[in-house]
1. Could you tell me which numbered condition Asp190 fails, if it satisfies all but one of (1) more than 23 Å from Ile56 (Cα to Cα); (2) modelled with pLDDT of 95 or more?
2. Only residues that are among the small types (Gly, Ala, Ser), in a loop (DSSP other than H, G, I, E, B) and within 12 Å of the ligand (Cβ to nearest atom): list them for segment 190-237, please.
3. Residues of segment 80-108 being surrounded by fewer than 17 Cβ atoms within 10 Å (Cβ to Cβ), closer than 22 Å to Val31 by Cα and of a type outside the set (S, T, N, Q), which ones?
4. Just one of Tyr11, Tyr39 is exposed (fewer than 15 other Cβ atoms within 10 Å of the Cβ) and of a type in the set (Phe, Trp, Tyr); which is it?
5. Could you tell me whether Lys107 is assigned to a loop (DSSP other than H, G, I, E, B) and out of contact with any Ser or Thr (no Cβ under 6 Å at 6 or more places or on another chain)?
6. Please verify whether Leu14 is more than 25 Å from Phe175 (Cβ to Cβ) and within 18 Å of the chain's Cα centre (by Cα), treating the condition exactly as stated.
7. Scan segment 42-66 and report the pairs whose first residue is within 18 Å of Gly90 (Cα to Cα) and whose second residue is loosely packed, with under 15 Cβ neighbours inside 10 Å and modelled with pLDDT of 95 or more, with Cβ atoms within less than 7 Å and a gap of 6+ or a chain change.
8. Quick one: would you say Glu26 is acidic (Asp, Glu) and surrounded by 15 or more Cβ atoms within 10 Å (Cβ to Cβ)?
Amino acid sequence: MQHPIIIALDYQSLDDVKAFLSPFKEEKVFVKVGMELFYKEGPTIVHYLKEEGHRIFLDLKLHDIPNTVKQAMKSLASLQVDLVNVHAAGGKQMMEAALEGLEAGTKRGSRPSLIAVTQLTSTNEKILHEELLINQSLSSTVQSYAKLTEVAGLDGVVCSVHEVPMLKKVCKDTFLTVTPGIRLVEDSKDDQARIATPDEAKKAGASMIVVGRSITKSSNPLEKYKKMKDLWEGITI
Ligand code: C5P
């Protein structure tokens, strides 16, 4: 998969998505559909985006017993999206089952890529130790979960730009690192604690960046998207 910018469609309805994407008629993009939108609109949203020619990351972060995840992934594969994910905390067997489900549900073409969430960015060291009762540091947990994801045969992980160099050292070259928390220098950080610019993400070795509010809340989303794309693709502006 060529290094795309993924636009997070953090909207509540198909109408909102249509309004946002109206300037993108000529520009086919890679979008992320999360729980908020998918639970409201269901597969209709995926069918609409595909008809418009966009690629889709269906960000539903599955986490259940292996058999349930396998069957759920079989259903998701039939939607013919490009990228899906699970929680690595579900364990190796669950991740392998997710992969089997995707393969079983893919009738033509290649299966969607499958990545895992290591630790949510909302989890800090305190939560890790005091609530989840994990004694390791956050960064060594992220590293171990990423290795487990790789051993289970998945294609990569969602992680912070700041974790990419560490993961590049321990995982194979082709292992995908998909990084949210992207902003331009002039943007608001919103609730993201550790942010990076598209060019910093590129330099760190990220495979794909996920950008939400920096584009969706912009007064000119298409222009902002193009500006971020130029930075991401290494064009000096
Ligand atoms: O608006 P913003 O660019 O911060 O949005 C980032 C997107 O990436 C949101 O959809 C958010 O849920 C998602 N995300 C994240 N951090 C993670 C995983 C996903 O910000 N660790």
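1. Among (1) more than 23 Å from Ile56 (Cα to Cα); (2) modelled with pLDDT of 95 or more, the lone unmet condition for Asp190 is (2).
2. Of all residues in segment 190-237, those among the small types (Gly, Ala, Ser) come to 193, 196, 201, 204-207, 212, 214, 218-219, 234.
From what's left, in a loop (DSSP other than H, G, I, E, B): 193, 205-207, 212, 218-219, 234.
Matches in segment 190-237: Ala193, Gly212, Ser218.
3. The one that is surrounded by fewer than 17 Cβ atoms within 10 Å (Cβ to Cβ), closer than 22 Å to Val31 by Cα and of a type outside the set (S, T, N, Q): Arg108.
4. Values: Tyr11 fails: exposed (fewer than 15 other Cβ atoms within 10 Å of the Cβ).
None of the other options fit; the residue is Tyr39.
5. Values: assigned to a loop (DSSP other than H, G, I, E, B): yes; out of contact with any Ser or Thr (no Cβ under 6 Å at 6 or more places or on another chain): yes.
Yes; evaluated as a whole, the condition is true for this residue.
6. No: the conditions fail for Leu14.
7. From residues that are within 18 Å of Gly90 (Cα to Cα), the pairs are Leu60/Met35; Pro66/Gln93.
8. Numbers: acidic (Asp, Glu): yes; surrounded by 15 or more Cβ atoms within 10 Å (Cβ to Cβ): no.
In short, no.
The values are calculated or read from the model by the stated rules, or taken from the named source; none is laboratory data. Not measured: the values here are computed from a predicted model. Backbone-built Cβ (ideal geometry, glycine too); neighbour counts: all protein chains shown.
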